[in-house]
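> Mind looking over this structure? Questions follow.
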Amino acid sequence: MRAALVPGTFDPVTLGHLDVIARAATIFEPLYVTVFENLEKNPLFPAAERVQMLREATADLPGVVVEHHGGLLADYARERGVLVVVRGLRAVSDFEYEMAMAEMNKQLFGELETLFMMTRPANSYLSSTLVKDVARRGGDVSRLVPPGVAARLAARVPPSA
């Protein structure tokens, strides 16, 4: 099998992320699930905690390796010998941003290909941003994230009045 990479900020990891990860893990091995920093985002959870949440959530998936990287995705992929990046697409609106990222990564590492995997319709609305917003407003996120993530959100995000 061939190695691949599922990158993201995963702040926090959702069931939508896990669906794409689980499906990709049946095709690629090893599958690096890597927490990257997005300088345009102010994460709720520090990188080490996001890595821990992902490790807990993917513990039953053989061949999945969870790591953190603070640099460029293209450099990380080159260092690991990874030639495939797997990105989940929820809707057409995701495509423009993801295509630009894929092209930039291709410019930085010419051998790197991006595979777009459509999320299942049941997860097409799901994003980390929406999960955090629901949690902040006191909503139940237990059907949107793994149990460990739901507990961490409850501890980290007191509902607003």
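> Quick one: 3J(HN,Hα) in Hz for the stretch 99-111, Karplus 6.51/-1.76/1.60 with θ = phi - 60°, rounded, Gly and Pro as x.
Working through the residues one at a time gives 5, 4, 5, 4, 5, 5, 4, 5, 5, 7, 8, x, 7 Hz.
> Same structure, new question: For the pair HIS68 and LEU115, what calculated FRET efficiency results from E = 1/(1 + (r/R0)^6), where r is the Cβ-Cβ distance and R0 = 25 Å, to the nearest 0.05? Don't skip to the answer; put the middle values down first.
Working: r = 22 Å, r/R0 = 0.89.
Efficiency at R0 = 25 Å is approximately 0.65.
> List the residues whose amide H sits under 5 Å from the amide H of TYR32, counting only those 5 or more places along or on another chain, with H placed 1.01 Å from N in the peptide plane.
Answer set, sorted by chain and number: ALA4, LEU5, VAL6, VAL65.
> What does the charge dipole of the chain about its Cα centre add up to, to the nearest 20 debye, if the Cβ of each Lys and Arg holds +1 and the Cβ of each Asp and Glu holds -1?
Details: 17 positive and 19 negative charges, 93 e Å.
So the magnitude is around 440 debye.
> What distance in nm separates the simple spin-label points at ALA59 and GLU29, each placed 7 Å from Cα in the Cβ direction?
For the pair ALA59/GLU29, the computed spacing is 2.1 nm.
> Related question: Pick from ALA135, ALA59, ALA122: which residue has the top mean-square fluctuation in a GNM of the chain where Cα pairs under 10 Å get a spring?
ALA122
> I've got another one for you. Quick check: the distance between the Cα centres of the stretch 87-161 and the stretch 1-71, to the nearest angstrom?
Between the Cα centre of the stretch 87-161 and that of the stretch 1-71, the gap is 11 Å.
> Another question, if that's okay. Short version: ³J(HN,Hα) in whole Hz for each residue of the stretch 48-60, in order, from phi by Karplus 6.51 cos²θ - 1.76 cosθ + 1.60 (θ = phi - 60°), x for Gly and Pro, what are they?
Whole-Hz 3J(HN,Hα) from phi for the stretch 48-60: 4, 6, 5, 4, 4, 4, 5, 4, 5, 6, 10, 4, 8.
> Once you treat every alpha carbon in the chain as an equal point and sum by Debye, what is log10 I(q)/I(0) at q = 0.13 Å⁻¹?
-0.59
> Determine, for each peptide in 96-108, 71-83, the mean count of other beta carbons within 10 angstrom over its residues, then list the peptides with the highest first. Mind dumping the intermediate values first?
Values: 96-108: 13.4, 71-83: 16.3.
Sorting 96-108, 71-83 by mean packing, highest first, produces 71-83, 96-108.
> Given H placed on each backbone N at 1.01 Å, which residues far from THR114 in sequence or on other chains put an amide H within less than 5 Å of it?
VAL85
> From the backbone phi of the stretch 15-32, what are the Karplus-calculated ³J(HN,Hα) couplings (6.51 cos²θ - 1.76 cosθ + 1.60, θ = phi - 60°) in whole Hz, Gly and Pro given as x?
Using θ = phi - 60°, the values come out as 5, x, 4, 5, 4, 5, 4, 4, 5, 5, 5, 7, 10, 10, 7, x, 10, 7 Hz.
> Can you give me the distance in nm between label points at ARG156 and ASN42, each placed 7 Å from the Cα along the Cα-to-Cβ direction?
My value for the distance between the label points is 1.5 nm.
> Tell me which GluC sites (Glu not before Pro) from the stretch 1-66 have a DSSP coil assignment and no more than 11 other beta carbons within 10 Å of their own.
Taking the stretch 1-66 and a limit of 11 other Cβ atoms within 10 Å, the loop GluC sites (Glu not before Pro) found are GLU40.
> Testing the spin-label approximation: label points 7 Å from Cα along Cα→Cβ at ASP133 and TYR97. State their distance in nm.
1.2
Computed from the coordinates by the stated procedures, all read-outs in this text should not be read as laboratory data. Here the structure is a predicted model, which means the values were calculated and not measured. All Cβ positions, even for glycine, are placed from backbone atoms using ideal geometry, and neighbour counts span all protein chains on display.
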